[in-house]
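The values are calculated or read from the model by the stated rules, or taken from the named source; none is laboratory data. Everything numeric in this text was worked out from a predicted model, so none of it was measured. Heads up, the Cβs are rebuilt from the backbone with ideal geometry, glycines too, and the neighbour counts pull from every protein chain shown. What goes into the accessible areas is simple: the full protein's heavy atoms, side chains included, and nothing from ligands, DNA or RNA. Shrake-Rupley method; radii C 1.70, N 1.55, O 1.52, S 1.80 Å.
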Amino acid sequence: MSFAMSAKAHYACLAMLELALRQDEDRPVALREITARHSIPQPFLVQILQQLKQAGYVTSTRGSQGGYRLSVDAATISLLDICDAIGCGESETTLDNADTTPEAQVLDSTWRAASKAFRDVLSAIRLEDLANDCARSEGAMFYI
């Protein structure tokens, strides 16, 4: 069992982080800019952004100058919120059979604890925190 993020969750978080980093711009962020910068397949990103829009996390503007913007404060949204909005939250495994072995029950308890810890970490990380980390990282770079 792996607790790695799915590609869909990774792309959703990247797109939201891009929007958070560019929230002070005068114009919405064009879909093509996000896909080009992060190599996200456009049809996949359209689907993800539609789900994030339905969740109330982004707004869209149509037209040649259109694109996407955050519709919430980056300090109020966690990575878990994003994952849950697109349906990629960790699903819990349950033992269906009442005759399960003690070993299976111990493992099931372990998987549940690991899943909870994973969700707790994602819940604690806010989009604003990541945007600040990116800004600090970019400011620390130097060029020769």
Revision key, fill the gap. Per the filter on the range 74-106, residues more than 13 Å from the chain's Cα centre (by Cα), open to solvent by 40 Å² or more (accessible area, probe 1.4 Å) and modelled with pLDDT of 95 or more are 76
Practice item. Residue by residue through the range 125-136, note down the ones that are open to solvent by 70 Å² or more (accessible area, probe 1.4 Å) and in contact (Cβ under 8 Å) with a residue 40 or more places away in the chain. Key: 126, 128
Point to revise | The one condition in (1) in contact with a helix residue (DSSP H, G or I) (Cβ under 8 Å, 6 or more places away or on another chain); (2) touching a residue at least 60 places away in the same chain (Cβ under 8 Å) that residue 6 fails to fulfil | key: (1)
Exercise for review: Read through the list (1) surrounded by fewer than 17 Cβ atoms within 10 Å (Cβ to Cβ); (2) modelled with pLDDT of 95 or more, then give the number of the only condition that residue 14 fails.
Suggested key: (1)
Check your understanding: Is it the case that residue 30 is aliphatic (A, V, I, L, M) and open to solvent by 50 Å² or more (accessible area, probe 1.4 Å)?
Key -> no
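So that you can scan it fast, the table gives a plain yes or no per residue for (1) among the β-branched types (Val, Ile, Thr); (2) in contact (Cβ under 8 Å) with a residue 24 or more places away in the chain; (3) assigned to a helix (DSSP H, G or I):
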position	(1), (2), (3)
13	no, yes, yes
20	no, yes, yes
25	no, no, no
44	no, yes, yes
47	no, no, yes
51	no, yes, yes
63	no, no, no
72	yes, no, no
Exercise for review: Kindly indicate whether any position in the range 51-70 is aromatic (Phe, Trp, Tyr) and open to solvent by 50 Å² or more (accessible area, probe 1.4 Å).
Suggested key: no
